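Read through the structure below, which is laid out as structure tokens, and then see the notes.
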Amino acid sequence: GAGTSNDEFKFKVVLLGEGAVGKSSLMLRYVQGNFNPRHISTIQASFLSKQLVVDGADIDLSIWDTAGQEKYHALGPIYYRGSHGALLVYDVTDAKSFDKVKMWVKELRRALGDDVVLFIVGNKVDLADSRTVETEMATQFATSVGATYEETSAKENIGVENLFELMCSAMVSRA
Ligand code: GDP
């Protein structure tokens, strides 16, 4: 019969940020729906894919994780080349990890230009008592660099699905 055909998009997004901020945990929470409290470090970059529909568009999303390579300062353009979006993750209990996000914003804007969709992600909001980076400060910084700010807990499953859907919606608008 007369089938309907949605727009179709293939998007690549990369997770960037200091080690142990929760990049792998966010990816696994979103794609596999679970959380592993143990920190398993692997040495190769890897990715997982997920199909979703956002704003009436079929999206084939591949999410790239550094898998600990940031520790060896080995992350370069080869990793983020061709990305439509980047999730720059920090840990809200670790101000140093927020500084690292600022570094990544500069590098990505220089390498990928204004078209790349940048989301700054404050993860581990479940650890409210140890929080050191305030929402308002992070939001102001994100706005000043043309990024979107979102907060998540991979552990408690707060804001994770919303984050990836907003990211896809923003990439569809740019496409
Ligand atoms: P990555 O090195 O950035 O990929 O970080 P991981 O995903 O390996 O997480 C590092 C550690 O933080 C692990 O022990 C995780 O269990 C923990 N972690 C990740 N996300 C959260 C979160 O939202 N809340 C809390 N409390 N711990 C988290």
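The values are calculated or read from the model by the stated rules, or taken from the named source; none is laboratory data. Only a predicted model underlies this, so the values are computations on that prediction, with no experimental measurement involved. Cβ placement follows ideal geometry from the backbone for every residue including glycine, while neighbour counts extend to all protein chains displayed.
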Can you tell me which residue among Ala175, Ala170 is modelled with pLDDT under 95, out of contact with any Lys or Arg (no Cβ under 9 Å at 6 or more places or on another chain) and aliphatic (A, V, I, L, M)? Ala175
When residues of region 49-76 are limited to those that are of a type in the set (Asp, Glu), surrounded by 13 or more Cβ atoms within 10 Å (Cβ to Cβ) and at pLDDT below 95, the one farthest from Asp126 (Cα to Cα): Glu70
Which pairs turn up if I take residues in region 85-103 that are on the phi < 0 side of the Ramachandran plot and look for partners that are more than 12 Å from the ligand (Cβ to nearest atom) and polar (S, T, N, Q) with beta carbon separation below 9 Å, at least 6 apart in sequence or on another chain? Val92/Thr132; Val92/Thr135; Thr93/Thr132; Asp94/Thr132; Ala95/Thr132; Phe98/Thr132
